[in-house]
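Input: a single structure, listed below in C-alpha cells.
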Amino acid sequence: MNLFLATWADTFMTKVIEFATSVGMRLLGALLILIIGFIVVGYFAKKVRKSSKMDPMLAKFSASFINFGGKTIVVITAIAVMGVEMTSFVALIASAGVAIGLALQGSLSNIAGGILLIVFKPFKVGDYILVGGEEGTVTDMNLFYTILKQPDNVTVSIPNGVVSNSPLENLSVEEIRRVDFAISTARDTDVERVKKLLIAVASSHELVLTDPAPFCRLSQFGENGIDFTLRVWVKKEDYWTVNFDIKEDIDKVFKHEGIKIPYRQVDIHMDAQDEE
C-alpha cells in the first residue's frame, strides 16, 4: 500500500512539474513577446514621428497608426504563444465583429477621417484653421484626433471625423489676407469726406499693402446712420496688428475731425385730441 501511494505521489508530482514548466514557459514567452514587442513598436513609431523625410502631419498620423496596429499584433501573438487556439479566437472576434463595429463606429469614422485628411491635405502642421466652431494652430494629428492650440494657449482636440466632414477654413495657405472694417457715422455726415479720411488712415499704416490698394465705399443706410466698408490687404502674419491699429487710428481721426458716430434714435409723435 505504501509503495502504491509513493508511486502515485511521484507520478502526480511529475505531472505537476511538467504542467507548471510548460505553462511557465508559455507565460514567460508571452511576457517576453509583450515587452520586446512593445519596445520595438514604440521605437519604430518614434522614428516615423521624427522622420524629416515625411510630411509632419503624415508622420504623426503614421506613427499613431503603427503604435496602435503594432501593439495589437503583439498582443495577439502573445495570446497565441499562451496556447489559445487561434481558430477559435478568430471565430470569437468575427462573431463579435458587428457589436464591436457598432461600439467603435465613432472611432472608426475618426480613423477614416484621418486617412481622408492625409490624402487630400487641406492643412498641415503649423497652419491656422477654423473648423467645427473651433480655431487655432494645428500642432498634431493622431489616429483619432486633430490637435489645435488656440490663441489663448488652450489646447483643443477635435475628432478627425468632425474635421473631415465640416467646412474648414485654412488661414495660412495664402500669403496675404484681407481685413474688413464696418464703420458707422451719423446720417448728416459728408460721405466723400469720410471715404477720403478712411482711405488716408489705411494708406498711412506701414503694414497695409498698396497692391491691392485700400478700398472704401458707402455700404448701406443703417437704422440710425450710414455704414461704410473699408477693406485693406496685409501679409497674413500682420492681420491682427493691422486690425487693431486701424480701429484705433479711425477713432483718433474721427474725434479730431469731428465725425460723429450714430446713436440710437427714437421718434415720438404725440397726437392732440380735441377736448370734449
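About the Cα centre, and with charges only on the beta carbon of Lys, Arg (+1) and Asp, Glu (-1), how big is the dipole of segment 176-257? Nearest 20 debye, please.
Charge dipole, segment 176-257, about its Cα centre: 200 debye, nearest 20.
Going by how many other beta carbons lie within 10 Å of each one, how would you line up Glu175, Glu169, fewest first?
Glu175, Glu169
Please work out the FRET efficiency for the pair Val253 and Lys149, using the Cβ-Cβ distance as r and a Förster radius of 51 Å; give the result to the nearest 0.05. Please report the intermediate quantities before stating the final value.
Details: r = 36 Å, r/R0 = 0.71.
Taking R0 as 51 Å, the efficiency between Val253 and Lys149 is 0.90.
For labels at Val75 and Phe215 in the simple 7 Å Cα→Cβ model, what's the distance in nm?
Calculated label separation equals 5.6 nm.
Take peptides 149-156, 57-64 and line them up by average Cβ neighbours within 10 Å, highest first, as a rough protection proxy.
Most protected by this proxy first, the peptides run 57-64, 149-156.
Taking the number of other C-beta atoms within 10 Å as the exposure measure, put Tyr263, Tyr128 in order starting with the fewest.
Ranking Tyr263, Tyr128 by Cβ neighbours within 10 Å, fewest first, gives Tyr263, Tyr128.
If a paramagnetic tag sat 7 Å from the Cα of Leu28 along the Cα-Cβ line, which residues of segment 57-84 would have the backbone N under 19 Å from that point?
78-84
Got a sec? How would Lys53, Lys195 order by Cβ neighbour count within 10 Å, fewest to most?
Details: Lys53 5, Lys195 16.
Ascending Cβ contact count within 10 Å gives the list Lys53, Lys195.
Calculate the FRET efficiency for Lys236 and Arg193 from the Cβ-Cβ distance with a Förster distance of 35 Å, rounded to the nearest 0.05. Working shown, then result.
On the way: r = 32 Å, r/R0 = 0.93.
For R0 = 35 Å, the calculated efficiency reads 0.60.
Rule-based calculations on the coordinates, nothing more; no lab input. The structure presented is a predicted model; accordingly, all values stated were derived computationally and were not measured. All Cβ positions, even for glycine, are placed from backbone atoms using ideal geometry, and neighbour counts span all protein chains on display.
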